[in-house]
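The structure appears below as structure tokens.
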Amino acid sequence: MPSAVILLSGGLDSATAGAIARQQGFELHALSVDYGQRHRFELEACRRVAKSLAVKRHNIAKIDLGMLASSALTGPTAVPKGRSAEAMSAGIPVTYVPARNTIFLSLALALAEESGAADLFIGVNAVDYSGYPDCRPEYIAAFEQMANLATKAGVEGTLRFKIHTPLVNWTKAQIIRRGVELGVDYSLTHSCYDPDEAGRACGRCDSCLLRLKGFAEAGLTDPLVYPA
Ligand SMILES: [Zn+2]
């Protein structure tokens, strides 16, 4: 069985990408990044999701991105709440972390080369939340080309790296419907940028609002508990 490295964030998208990779016949090697998130709940969700996907290995790379103080996810800026769909799609939000997917994919590429895996999976999506430049197909294609130029395995031709983005053109509702078909348990996932002290989702940040909209459009109920 070929193995694939999958970036797991603990969120809905990467859990679904993981289920798709499994369904395609890959043995999974999960990579999560402890980058100094504002809260620990994301990493707890990563562990739960990795277990539910029966991954063969799960590495958690520790890297301090606290120097990137401009982002609301790694610095003191408040996470925006209650934004309309129009406001969310206008420009790049303050929850953008500088070059985050390049940092994460570089770690995943290193791990893939180390373990002899040619396939990498990342749950990026360019439809519902197109504000992030490092979620676009042209970015992924450029990274894939770079991966094959930047590595010993790529240059010597022992591995031909491929970056799989099975969700890139799907709406959040399509992602959720496919995940449910594949048996993804979304109660294990965590999407909120700003949970309370018990880890409960706020229901009002961009990530919560997109998730709730996705469940509503899929005709399903989000299993997470939100404040009344
Ligand atoms: Zn939230």
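The values are calculated or read from the model by the stated rules, or taken from the named source; none is laboratory data. Please read all numbers here as calculations on a predicted model, not as lab measurements. Here the Cβ positions follow ideal geometry from the backbone for every residue, glycine too, while neighbour counts run over all protein chains shown. The area values use the complete protein model at the heavy-atom level, side chains included, leaving out ligands, DNA and RNA. Shrake-Rupley method; radii C 1.70, N 1.55, O 1.52, S 1.80 Å.
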Worksheet item: Given the conditions (1) in a helix (DSSP H, G or I); (2) at pLDDT 95 or above; (3) not aromatic (Phe, Trp, Tyr), and given that residue 123 satisfies all but one, which numbered condition is not satisfied?
Response: (1)
Worksheet item: So which of 61, 45, 72 is outside any helix (DSSP H, G or I) and either under 19 Å from residue 8 (Cα atoms) or polar (S, T, N, Q) (or both)?
Response: 61
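Okay, residues lined up against (1) aromatic (Phe, Trp, Tyr); (2) over 24 Å from residue 210 (Cα atoms):
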| residue | (1), (2) |
| --- | --- |
| 37 | no, no |
| 41 | yes, no |
| 52 | no, no |
| 66 | no, yes |
| 76 | no, no |
| 79 | no, no |
| 83 | no, no |
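Yes/no matrix, rows are residues, columns are (1) more than 16 Å from the ligand (Cβ to nearest atom); (2) touching a residue at least 60 places away in the same chain (Cβ under 8 Å); (3) buried (at least 16 other Cβ atoms within 10 Å of the Cβ); (4) not small (Gly, Ala, Ser):
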{"site": "68", "(1), (2), (3), (4)": "yes, no, yes, yes"}
{"site": "73", "(1), (2), (3), (4)": "no, yes, yes, yes"}
{"site": "95", "(1), (2), (3), (4)": "no, yes, yes, yes"}
{"site": "98", "(1), (2), (3), (4)": "yes, no, no, yes"}
{"site": "101", "(1), (2), (3), (4)": "yes, no, yes, yes"}
{"site": "106", "(1), (2), (3), (4)": "yes, no, no, no"}
{"site": "115", "(1), (2), (3), (4)": "yes, yes, no, no"}
{"site": "119", "(1), (2), (3), (4)": "yes, yes, yes, yes"}
{"site": "126", "(1), (2), (3), (4)": "yes, no, yes, no"}
Worksheet item: Restricting the search to region 127-151, which residues are among the hydrophobic types (A, V, I, L, M, F, W, C), more than 15 Å from residue 14 (Cβ to Cβ) and out of contact with any strand residue (DSSP E or B) (no Cβ under 9 Å at 6 or more places or on another chain)?
Response: 127, 142, 146, 149, 150
Response to the item:
When region 21-32 is checked residue by residue, the ones that are open to solvent by 10 Å² or more (accessible area, probe 1.4 Å) and either outside any loop (DSSP other than H, G, I, E, B) or farther than 19 Å from residue 111 by Cα (or both) are 22, 23, 24, 25, 27, 29
